[in-house]
Structures are given as structure tokens and as C-alpha cells.
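Working notes for the structure below.
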Amino acid sequence: LDESNGPALYQRACAYARLGAEEQALEDIQRATDISPSLRELIADEPDFESLYGNKRFDALISGNIS
């Protein structure tokens, strides 16, 4: 996986979330949105991330309030 490819990291985050690997999913979401901020628009509506809904870190990633 190209670690500088935001969309690829986003797709891997989807896979991690489906597998229940919450921390790995959140790490990849953060890296993906750091590289490609426009991906943030997709996160809130991504069905693969339903398991992360209500997670404080996930909510911060959606809003862009995480460093």
C-alpha cells in the first residue's frame, strides 16, 4: 500500500472498520484525511464506518478538529 495515497488509506480504513479493527481504521482515516482533506466529506456517510459512529475520535476526524 502506498502510504502517501489518501484514497488507498481510506479504502483500507473501510476494510479495518468492517473487520472490527477500530484503532487501525481510525489511524488510516486520520492519515487519509491529512493527505487528502476532501475525503473528510465522504467519511460521515460511509456505511463501512457505522461501527465508529459515536466514537469521539471519529467525530473529531469528521469535523476536522483533530491533530
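The values are calculated or read from the model by the stated rules, or taken from the named source; none is laboratory data. Note that the structure is a prediction, hence the values are computed from the model and not measured. A quick note on method: Cβ atoms are made from the backbone with ideal geometry, for glycine too, and the neighbour counts reach across all protein chains shown.
The combined condition, being out of contact with any Asp or Glu (no Cβ under 7 Å at 6 or more places or on another chain), in a helix (DSSP H, G or I) and exposed (fewer than 13 other Cβ atoms within 10 Å of the Cβ), is not fulfilled by Ser4. The set of residues in region 12-67 being part of a loop (DSSP other than H, G, I, E, B), surrounded by 14 or more Cβ atoms within 10 Å (Cβ to Cβ) and either among the polar types (S, T, N, Q) or in contact (Cβ under 8 Å) with a residue 24 or more places away in the chain (or both) consists of Ser36, Glu46, Asn55, Ile66. The residue list Asp45, Asp2 contains one member that is farther than 11 Å from Ile62 by Cα and modelled with pLDDT under 95, which is Asp2.
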